[in-house]
Amino acid sequence: MLCTGTLTGTHAGRSGGCPPLPEIVPATSPARALEDRAIGAYLGLAIGDALGATVEFLTPREIRHAFARHGGAHTEITGGGWLRLKRGQVTDDTGMALALGEALLTGGGKLEALAAAHAFDAWMRSKPIDIGNTVRRNLLRFRATGETAAPPSEHDAGNGAVMRTLPVALATLGHGDAGAAAFKAQAHVTHNNPLSDAGGLCLLDLLHAALARRPWPELLARARALEAAHKEYAWSAAQRHENPSGYIAHTLIAVFQAFFTASSFEGCLVDVINRGGDADTTGAIAGALAGAWYGMETIPPRWTKALDPAIAQRCREQAIKLCAFARAP
Ligand code: MN
Ligand code: MN
């Protein structure tokens, strides 16, 4: 009998006399498709951060003026900005996500608050180029007390915990409530606030839905459920939210408006970062969400090439390793 090499599934390598066939994973298999979306999400996060940092804290009017010779919009990874970044350099948004991703990998896809706190603390010791005030204050508190949860605070509704949601989403896809528990454990190290929790859990839900390729109306319904529960998150597509601050409701409203009105990864990112304000963080969150939805092959190669190669490599590796913990939903 001839060994044709065309057998797959339960028949592969089982017929007597033939050597076992290698397992063939076609490009369109569910595992491969998930991996592509996971890599797209992680590269999207870093690209949005690098792209947005150039115009962080500018207003849309200032951006239009500064980029008048380029059609009035910021569309290229160039570095600069108030942090004087090198081209392709990223900021705390990507740095904290990668630190959290390492903790998840060490924990075999599970996350204890203490592991997250140590990972963030080690990241702070590495002298990152920027760090949020709430993050710094509560990491210093952790160092002094060993307490992993910050005291609840109505003032800690910044976007610093939500910006690092992606690695949790990748490792917990299909794991039921474990994702929410892991999100809150890591969030409360620096931000113990109900609005931050609600926004982060909604983003976690949206990332899971995008990675699982749930239908678009379902994603929109999940975003709308957030504003039904918390009026701070109310938004309409007609009223454009410009100059979003670091307040989590303003950040997510800008991200949702850009994501739900764009029809491509590039369109979503260009829209959100040109709103200015906390543009590296809106860019990082929108980049993760759009990357998860559209997949890595839709990311403009000029952006992937411009990203710091060491950062791009860490993003790719973590994406592959973390989504290996995902279970079929
Ligand atoms: Mn940043
Ligand atoms: Mn920021």
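So which of ALA117, ALA97, ALA144, ALA122 ends up being away from ligand 2 (no atom under 16 Å from the Cβ), at pLDDT 95 or above, buried (at least 22 other Cβ atoms within 10 Å of the Cβ) and not in a loop (DSSP other than H, G, I, E, B)? Can you show your working first?
On the way: ALA97 fails: away from ligand 2 (no atom under 16 Å from the Cβ); ALA144 fails: buried (at least 22 other Cβ atoms within 10 Å of the Cβ); ALA122 fails: buried (at least 22 other Cβ atoms within 10 Å of the Cβ).
Criteria check complete, one pass: ALA117.
Can you pull out the residues in the stretch 225-240 that are under 23 Å from THR172 (Cβ atoms) and either open to solvent by 60 Å² or more (accessible area, probe 1.4 Å) or among the small types (Gly, Ala, Ser) (or both)?
Of everything in the stretch 225-240, those that are under 23 Å from THR172 (Cβ atoms) and either open to solvent by 60 Å² or more (accessible area, probe 1.4 Å) or among the small types (Gly, Ala, Ser) (or both) turn out to be ALA225, ALA229.
Do you know which of the residues in the stretch 51-68 that are in a helix (DSSP H, G or I) and more than 18 Å from GLY267 (Cβ to Cβ) is farthest from ligand 1 (Cβ to nearest atom)?
Looking only at the stretch 51-68, we keep the residues that are in a helix (DSSP H, G or I), and these are 51-53, 60-66, 68.
Still in the running and more than 18 Å from GLY267 (Cβ to Cβ): 53, 61-62, 65-66, 68.
Details: ALA53: 6, ARG61: 22, GLU62: 18, HIS65: 23, ALA66: 19, ALA68: 26 Å.
Residue satisfying both the conditions and the ranking: ALA68.
Do we find a residue being among the hydrophobic types (A, V, I, L, M, F, W, C), within 16 Å of ligand 2 (Cβ to nearest atom) and either surrounded by 23 or more Cβ atoms within 10 Å (Cβ to Cβ) or modelled with pLDDT under 95 (or both) anywhere in the stretch 11-30? The answer is no; no qualifying residue exists.
Looking across the stretch 100-114, the residues that are surrounded by 21 or more Cβ atoms within 10 Å (Cβ to Cβ) and part of a helix (DSSP H, G or I) come down to LEU100, GLY101, ALA103, LEU104. GLY295 falls short on exactly one of the conditions (1) in contact (Cβ under 8 Å) with a residue 60 or more places away in the chain; (2) closer than 24 Å to ALA68 by Cα; (3) away from ligand 2 (no atom under 16 Å from the Cβ); (4) surrounded by fewer than 24 Cβ atoms within 10 Å (Cβ to Cβ), and that condition is (2).
For the stretch 210-222, the criterion of a residue being open to solvent by 50 Å² or more (accessible area, probe 1.4 Å), touching a residue at least 40 places away in the same chain (Cβ under 8 Å), closer than 25 Å to CYS323 by Cα and part of a helix (DSSP H, G or I) is satisfied by at least one position. Note on the stretch 113-143: residues that are under 20 Å from the mean Cα position of the chain (by Cα) and under 15 Å from ALA187 (Cβ atoms) total 9.
Which of the residues that make up the stretch 194-209 are over 15 Å from the mean Cα position of the chain (by Cα) and open to solvent by less than 40 Å² (accessible area, probe 1.4 Å)? Reasoning before the result, please.
Taking the stretch 194-209 as the starting set, the residues that turn out to be over 15 Å from the mean Cα position of the chain (by Cα) are 194-198.
LEU195, SER196, ASP197, ALA198 - these are the residues of the stretch 194-209 that are over 15 Å from the mean Cα position of the chain (by Cα) and open to solvent by less than 40 Å² (accessible area, probe 1.4 Å).
Does ASN243 fit the bill of being modelled with pLDDT of 95 or more, open to solvent by 50 Å² or more (accessible area, probe 1.4 Å) and within 16 Å of ligand 2 (Cβ to nearest atom)? When the stated conditions are applied, ASN243 passes them.
A count restricted to the stretch 268-297 and to residues that are farther than 19 Å from ALA169 by Cβ, away from ligand 1 (no atom under 16 Å from the Cβ) and in a helix (DSSP H, G or I) stands at 3. A single entry from VAL162, VAL168 fulfils the requirement of being within 16 Å of ligand 2 (Cβ to nearest atom), modelled with pLDDT of 95 or more and either open to solvent by less than 30 Å² (accessible area, probe 1.4 Å) or more than 21 Å from GLY44 (Cβ to Cβ) (or both): VAL162.
The values are calculated or read from the model by the stated rules, or taken from the named source; none is laboratory data. Quantities reported herein were computed from a predicted structural model and do not represent experimental measurements. Please note: Cβ atoms are built from the backbone with ideal geometry, for glycine as well, and neighbour counts cover all protein chains shown. Note: accessible area is taken over every heavy atom of the protein model, side chains too, but ligands, DNA and RNA are not part of it. Shrake-Rupley method; radii C 1.70, N 1.55, O 1.52, S 1.80 Å.
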